[in-house]
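Quick notes on the structure that follows.
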Amino acid sequence: MANANEPATLQYLAPYTGATLAEYFMYTGRATLTIYDDLSKQAQAYREMSLLLRRPPGREAYPGDVFYLHSRLLERAAKLSTALGEGSMTALPIVETQEGDVSAYIPTNVISITDGQIFLAAGLFNSGLRPAINVGISVSRVGSAAQPKAMKQVAGKLKLELAQFAELEAFSQFASDLDQASTSVQFSSEGVYSLPTYRRRA
């Protein structure tokens with residue numbers, strides 16, 4: 001465990017320490033979950049250390065092996081065979097984006113390593129949607145292959161409606177006159193958006 005007030009060396013080492021502890025339980029046949037919050041701060045700590053050591057900087061002043069920094073951490077997650085005890089280690093890395101820019105250096109590195117991403121948008125959160133998941137950017141490489149047939153059919157229809165709603169919502173800011181079909185899609189999707197919204201109890 002390391003917070004933002006800790007030295008850069010500790011912020012750099014903390015995720016690896018957590019992964020080592022999770023691996024111990026994985027090799028004893030248990031299912032483990034590691035949540036790295038967040039890897040962008042670890043990359044910044046690694047950049048700080050590298051600059052102090054006068055290593056040649058690369059893109060955004062990060063050292064050239066910053067991709068390896070995260071790949072060797074996240075690829076420790078695995079599901080072991082029966083011969084090795086059937087333990088597992090699931091990794092959930094969290095990466096902070098600046099103004100929602102998923103094309104920045106560190107976010108794209110982590111996205112390329114993981115099996116998918118859930119993108120949380122500040123705009124959706126401020127509009128009252130909980131959880132504030134941007135369906136258009138959130139993807140999974142496994143996706144429907146791991147879902148039951150019934151869930152696959154429902155989820156596919158919901159994702160299509162939400163994508164249409166996002167497109168119409170952006171278009172309606174510039175044009176107030178929408179045809180009847182577009183209006184019906186908009187009202188239907190607004191109802192879909194309200195279904196998963198978390199409401200805090202009084």
Considering region 70-85 alone, what residues qualify as being farther than 12 Å from Tyr105 by Cβ and in a helix (DSSP H, G or I)? Ser71, Arg72, Leu73, Leu74, Thr82, Ala83, Leu84
Within region 26-53, which residues are closer than 12 Å to Thr90 by Cβ, touching a Gly at 6+ places or on another chain (Cβ under 8 Å) and either in a loop (DSSP other than H, G, I, E, B) or not β-branched (Val, Ile, Thr) (or both)? Met26, Arg30, Ala31, Tyr36
Which of the residues spanning region 94-117 are out of contact with any Leu (no Cβ under 9 Å at 6 or more places or on another chain) and hydrophobic (A, V, I, L, M, F, W, C)? Val102, Ala104, Ile111
Among what's in region 104-120 and is part of a loop (DSSP other than H, G, I, E, B) and either at pLDDT 90 or above or in contact with a helix residue (DSSP H, G or I) (Cβ under 9 Å, 6 or more places away or on another chain) (or both), pick the residue that is farthest from Thr34 (Cα to Cα). Ala104
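Matching residues to (1) closer than 14 Å to Tyr105 by Cβ; (2) modelled with pLDDT under 95; (3) assigned by TED's automatic domain parsing to the domain that holds Asn109:
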{"site": "Asn3", "(1), (2), (3)": "no, yes, yes"}
{"site": "Ala22", "(1), (2), (3)": "no, no, yes"}
{"site": "Arg30", "(1), (2), (3)": "no, no, yes"}
{"site": "Arg47", "(1), (2), (3)": "yes, no, yes"}
{"site": "Arg54", "(1), (2), (3)": "no, yes, yes"}
{"site": "Gly58", "(1), (2), (3)": "yes, yes, yes"}
Single residue of Pro93, Pro131 found to be assigned to a strand (DSSP E or B) and within 14 Å of the chain's Cα centre (by Cα): Pro93
In this structure, does Gln98 turn out to be assigned to a helix (DSSP H, G or I) and either buried (at least 20 other Cβ atoms within 10 Å of the Cβ) or of a type outside the set (Ser, Thr, Tyr) (or both)? no
Residue list for region 1-45, restricted to those being over 20 Å from the mean Cα position of the chain (by Cα), surrounded by fewer than 18 Cβ atoms within 10 Å (Cβ to Cβ) and under 23 Å from Gly85 (Cα atoms): Thr17, Thr20, Leu21, Glu23, Tyr24, Phe25, Tyr27, Thr28, Gly29, Arg30, Ala31
If I filter region 32-40 for residues that are farther than 27 Å from Ser103 by Cα and among the hydroxyl-bearing types (Ser, Thr, Tyr), do I get at least one hit? yes
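The values are calculated or read from the model by the stated rules, or taken from the named source; none is laboratory data. Every value quoted in this text rests on a predicted model; they were computed, and no experiment measured them. Cβ: placed from backbone, ideal geometry, glycine included. Neighbour counts: every protein chain shown.
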